[in-house]
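Contents: one structure, followed by commentary.
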Amino acid sequence: MQRFDLGENGLRALHKTLHAQAAQTKQAAQTNETAWEIVNPKGSHAIAVGLDAPIEVTVRGSTGYYCAGMNKQATVHVDGSVGPGVAENMMSGTVIVEGDASQYAGATGRGGLLVIKGNASSRCGISMKGIDIVVQGNVGHMSAFMAQSGNLVVCGDAGEALGDSIYEARLFVRGKVKSLGADCIEKEMRPEHLEILKDLLERAGIEADPAEFRRYGSARELYHFNIDNAY
Amino acid sequence: MADDHKSDIPRTMPIQSATFSQEVNAEIRRAAATGIYDIRGGGAKRKLPHFDDLLFLGASMSRYPLEGYRERCDTDVVLGTRFASKPIRLDIPITIAGMSFGALSGQAKEALGRGASMAGTSTTTGDGGMTEEERGHSRTLVYQYLPSRYGMNPDDLRRADAIEVVVGQGAKPGGGGMLLGQKINARVAQMRNLPEGIDQRSACRHPDWTGPDDLEIKILELREITGWEKPIYVKVGGARPYFDTTLAVKAGADVVVLDGMQGGTAATQDVFIEHVGQPTLACIRQAVRALQDLGMHRKVQLIVSGGIRSGADVAKVLALGADAASIGTAAMVAIGDNDPRWEAEYNALGTTAGAYDDWHEGRDPAGISTQDPALAARLDPVEAGRRLRNYLKVMTLEAQTLARACGKSHVHNLEPEDLCALTLEAAAMAQIPLAGTDWYPGKPGTGY
């Protein structure tokens with residue numbers, strides 16, 4: 001594992017190094033198994049963003065905004081908590097947060113797996129577009145707002161207005177849901193959903209019984225403009 | 001006899017109410033019949049103080065003109081010199097504004113790319129992501145980063161020549177977009193990750209930042225992902241241009257794009273288009289003053305859009321302190337939108353050439369604001385691109401003609417002193433002296 005001191009070398013040097021991994025990987029057309037450890041993150045913003053190589057990056061400490069933003073292929077492990085927008089617009093790969101996550105975790109993510117071992121704040125999974133998000137704790141209000149596709153698994157409770165204006169994303173919640181947002185309803189948990197949930201929990205390394213979860217999704221009442229839906 | 005006498009009495013002429021005009025009454029009846037507000041494309045249609053209310057003074061005894069056609073008058077512009085390691089260099093100070101694939105057909109987007117590239121300028125994506133037609137035919141392509149993030153991905157971010165973070169739009173400052181189901185075909189749905197045929201709503205706020213302090217961090221992220229190469233624009237609607245420009249600069253913008261209320265949209269409520277925002281003319285001096293107050297005029301470039309139609313408009317925008325102008329509606333007209341050749345079909349849609357604005361319905365006879373394959377096939381991208389090139393060339397020649405008449409060897413040398421205003425409103429909004437005076441409302445030291 002190669003060590004990078006962020007406090008000493010700075011963000012630009014970090015990304016020059018990590019993005020060079022992507023270029024090398026593409027040229028060589030083979031997997032690059034290089035692992036990186038970032039120390040002294042000190043809550044910095046935009047750590048390990050725009051990665052595009054199958055590398056492993058471990059951040060020792062907590063981060064600011066947009067950690068692992070737009071990630072592709074890489075596995076980013078944060079040994080701490082993360083600020084707003086962790087793994088925003090992630091395309092693929094895996095991001096694991098040992099602590100808590102602030103607002104907008106996994107916002108607009110299009111692929112990959114985001115695992116939050118602690119709690120996630122408001123708007124977790126906002127406008128998600130295919131990403132899978134597994135939260136071991138609770139999620140805050142307006143989570144999965146305008147969620148388009150993908151899966152959000154909440155092992156704890158969900159705050160107010162879960163899944164407001166949701167499209168085709170699947171929401172699985174084990175605990176209480178304070179309230180559902182516009183056009184979000186509870187749906188039947190069929191065997192195929194239990195399989196999806198079981199797989200997600202396994203991939204996230206979280207022990208939980210899929211049978212304890214309830215599924216929520218779109219009533220599809222907002223799909224075509226109707227004046228009676230305006231308020 | 002009595003009846004005959006009555007018929008001789010002059011009658012009062014039928015008088016239409018200025019308040020309850022035929023147009024107003026028709027809208028009341030339409031609303032009463034449907035229960036839904038009117039949705040349409042385009043920008044504000046009401047009469048507003050505009051660039052026609054300004055004139056150039058030209059040269060005289062105290063100003064020395066340049067010889068038309070012979071003496072040099074440059075038009076090039078560099079955008080993104082503040083932080084980007086690869087600023088954009090354009091031959092002309094007129095860019096093509098953001099318009100989405102989805103709102104426009106693939107052929108229309110290709111035509112815009114072709115025309116802009118031939119004219120030496122940039123075109124811009126929109127709320128639907130980047131298409132291959134567009135990237136392939138645009139020498140310089142600006143990638144819009146929008147609240148919806150439809151189709152957003154880091155590869156396209158890196159393939160772009162600049163990034164435009166869209167905060168607001170002149171047609172609807174504070175509003176999100178909509179694309180109705182008629183235009184969400186399989187390709188558009190796939191790009192936006194939505195079910196086919198649904199009415200799509202775009203968010204009015206970005207999902208992962210909420211204010212200028214956050215935006216500064218977002219811009220940092222975008223720069224880190226793209227290696228600090230790309231100019232980053234911030235686009236604002238004409239709402240509070242002084243503060244919006246100030247905050248965009250504070251957040252780290254290389255370029256501010258300012259869109260007045262005549263700027264178009266693919267589909268928005270008519271009440272929004274006509275009743276929110278400020279006229280383009282009223283926005284420019286405020287934005288320029290913000291840049292000057294920060295010591296950033298010309299260091300952060302200003303692009304102005306919203307109702308730009310001619311080289312005269314471009315020259316006036318530049319004289320008021322902008323670095324470039326941007327066109328959307330005019331570019332659509334140049335490639336064939338609202339062309340009278342389709343009059344019979346416009347009539348069949350209950351409208352007429354020049355007034356057609358139901359772009360959201362996807363039935364555009366000109367094949368531009370549609371996803372219907374048969375209609376879209378009517379637009380030849382090569383020929384339409386040629387028309388756009390010609391139009392951009394004419395606008396540039398016009399702007400050069402006016403600049404030379406004012407004695408300027410570069411269109412950027414035009415200045416407020418070259419202008420006068422025809423109306424009090426234009427004088428006040430543009431802070432340009434009323435014709436025949438040295439005064440405008442609000443002029444410092446005048447007490448008015």
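The values are calculated or read from the model by the stated rules, or taken from the named source; none is laboratory data. What you are looking at is a predicted structure, and each value in this text was computed from that prediction instead of being measured. Note that we place each Cβ from the backbone using ideal geometry, even for glycine, and neighbour counts take in every protein chain shown.
Could you tell me how many of the residues in the range A:22-62 are more than 12 Å from chain B (Cβ to nearest Cβ) and at pLDDT 80 or above?
Selection size over the range A:22-62: 19.
Suppose we filter the range B:74-95 for residues that are part of a strand (DSSP E or B) and over 20 Å from B:Gly113 (Cβ atoms); how many remain?
2
State yes or no: is B:Glu71 at pLDDT below 95, over 30 Å from A:Lys129 (Cα atoms), surrounded by fewer than 17 Cβ atoms within 10 Å (Cβ to Cβ) and acidic (Asp, Glu)?
yes
Quick test for you: out of A:Arg203, A:Arg220, pick the one residue that is under 20 Å from A:Ala147 (Cα atoms), out of contact with any helix residue (DSSP H, G or I) (no Cβ under 9 Å at 6 or more places or on another chain), in contact (Cβ under 8 Å) with a residue 24 or more places away in the chain and surrounded by fewer than 19 Cβ atoms within 10 Å (Cβ to Cβ).
Matching residue, one of A:Arg203, A:Arg220: A:Arg220.
Taking the options A:Gly125, A:Gly106, A:Gly130, name whichever one is in a strand (DSSP E or B) and within 14 Å of chain B (Cβ to nearest Cβ).
The conditions single out A:Gly130.
State all residues of the range A:172-196 that are in contact with a Ser or Thr (Cβ under 8 Å, 6 or more places away or on another chain) and either buried (at least 19 other Cβ atoms within 10 Å of the Cβ) or not charged (D, E, K, R) (or both); if no residue qualifies, say none.
A:Gly181, A:Ala182, A:Cys184, A:Ile185
Residue by residue through the range B:371-405, note down the ones that are over 22 Å from the mean Cα position of the chain (by Cα), surrounded by fewer than 20 Cβ atoms within 10 Å (Cβ to Cβ) and not basic (Lys, Arg).
B:Asp372, B:Pro373, B:Ala374, B:Ala377, B:Asp380, B:Val382, B:Glu383, B:Thr401, B:Ala405
Name every residue in the range B:335-370 that is surrounded by fewer than 17 Cβ atoms within 10 Å (Cβ to Cβ) and not charged (D, E, K, R), in order of residue number.
Matches in the range B:335-370: B:Pro340, B:Ala344, B:Asn347, B:Ala348, B:Leu349, B:Gly350, B:Thr351, B:Thr352, B:Gly354, B:Ala355.
So that you can scan it fast, the table gives a plain yes or no per residue for (1) away from every other protein chain (no Cβ under 11 Å); (2) out of contact with any Pro (no Cβ under 7 Å at 6 or more places or on another chain); (3) of a type in the set (Gly, Ala, Ser); (4) touching a residue at least 60 places away in the same chain (Cβ under 8 Å):
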| residue | (1), (2), (3), (4) |
| --- | --- |
| B:Tyr143 | yes, yes, no, no |
| B:Ser148 | no, yes, yes, no |
| B:Val165 | yes, yes, no, yes |
| B:Arg205 | no, no, no, no |
| B:Phe243 | yes, yes, no, no |
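Listed here are the residues, each with its yes/no results for (1) out of contact with any strand residue (DSSP E or B) (no Cβ under 6 Å at 6 or more places or on another chain); (2) within 12 Å of chain B (Cβ to nearest Cβ).
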position: A:Gly64; (1), (2): yes, yes
position: A:Gly80; (1), (2): yes, no
position: A:Met90; (1), (2): no, yes
position: A:Val95; (1), (2): no, no
position: A:Ala120; (1), (2): no, no
position: A:Gly137; (1), (2): yes, no
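Hey, can you tell me all the residues within the range A:70-82 that are surrounded by 23 or more Cβ atoms within 10 Å (Cβ to Cβ) and over 19 Å from A:Gly111 (Cα atoms)?
The answer is A:Val82, and nothing else.
Got a number for residues in the range B:176-204 being assigned to a loop (DSSP other than H, G, I, E, B) and either touching a helix residue (DSSP H, G or I) at 6+ places or on another chain (Cβ under 7 Å) or among the hydroxyl-bearing types (Ser, Thr, Tyr) (or both)?
7
Is it the case that A:Ala74 is touching a Leu at 6+ places or on another chain (Cβ under 8 Å) and within 14 Å of chain B (Cβ to nearest Cβ)?
yes
Please find, within the range A:141-150, the residue that is farthest from A:Met70 (Cα to Cα) out of those that are more than 10 Å from chain B (Cβ to nearest Cβ) and crowded, with 21+ Cβ neighbours inside 10 Å.
Restricting to residues being more than 10 Å from chain B (Cβ to nearest Cβ) and crowded, with 21+ Cβ neighbours inside 10 Å, the top hit is A:Met142.
For B:Asp3, work out the one condition from (1) assigned to a helix (DSSP H, G or I); (2) at pLDDT below 95; (3) under 30 Å from B:Ala171 (Cβ atoms) it doesn't fulfil.
Of (1) assigned to a helix (DSSP H, G or I); (2) at pLDDT below 95; (3) under 30 Å from B:Ala171 (Cβ atoms), only one is false for B:Asp3: (3).
So which residues in the range B:217-231 are facing another protein chain (nearest Cβ under 9 Å) and either of a type outside the set (A, V, I, L, M) or free of Cβ contacts under 8 Å to residues at least 40 places away in the same chain (or both), if there are any at all?
B:Ile217, B:Lys218, B:Leu220, B:Glu221, B:Arg223, B:Glu224, B:Thr226, B:Gly227, B:Trp228
Looking for whichever is touching a residue at least 24 places away in the same chain (Cβ under 8 Å), in contact with a helix residue (DSSP H, G or I) (Cβ under 9 Å, 6 or more places away or on another chain) and on the phi < 0 side of the Ramachandran plot here; the options are A:Val49, A:Val86, A:Val76. Which one fits?
Answer to the selection: A:Val49.
Return the only residue of B:Leu157, B:Leu112 being part of a helix (DSSP H, G or I) and buried (at least 24 other Cβ atoms within 10 Å of the Cβ).
Answer to the check: B:Leu112.
Report whether or not A:Glu202 is away from every other protein chain (no Cβ under 14 Å), closer than 29 Å to A:Val76 by Cβ and modelled with pLDDT of 95 or more.
yes
Would you call A:Thr17 in a loop (DSSP other than H, G, I, E, B) and either modelled with pLDDT of 95 or more or more than 11 Å from every other protein chain (Cβ to nearest Cβ) (or both)?
Considered against the rule, which asks whether it is in a loop (DSSP other than H, G, I, E, B) and either modelled with pLDDT of 95 or more or more than 11 Å from every other protein chain (Cβ to nearest Cβ) (or both), A:Thr17 comes out as no.
Check the range B:39-55 and report whether any residue there is touching a Leu at 6+ places or on another chain (Cβ under 6 Å) and under 30 Å from B:Thr370 (Cβ atoms).
Yes, because at least one residue in the range B:39-55 is touching a Leu at 6+ places or on another chain (Cβ under 6 Å) and under 30 Å from B:Thr370 (Cβ atoms).
Taking the stated definitions as given, is A:Ala144 over 18 Å from B:Glu221 (Cβ atoms) and in a loop (DSSP other than H, G, I, E, B)?
Considered against the rule, which asks whether it is over 18 Å from B:Glu221 (Cβ atoms) and in a loop (DSSP other than H, G, I, E, B), A:Ala144 comes out as yes.
Among B:Leu281, B:Leu258, which is the only one that is closer than 30 Å to B:Gln371 by Cα, under 17 Å from the mean Cα position of the chain (by Cα) and more than 14 Å from every other protein chain (Cβ to nearest Cβ)?
B:Leu258
Name the residue, out of B:Ser85, B:Ser100, that is in contact (Cβ under 8 Å) with a residue 40 or more places away in the chain, crowded, with 24+ Cβ neighbours inside 10 Å and of a type in the set (Gly, Ala, Ser).
Exactly one residue qualifies, and that residue is B:Ser100.
Against the definition (in contact (Cβ under 8 Å) with a residue 12 or more places away in the chain and either outside any loop (DSSP other than H, G, I, E, B) or surrounded by 10 or more Cβ atoms within 10 Å (Cβ to Cβ) (or both)), how does B:Lys45 come out, yes or no?
yes
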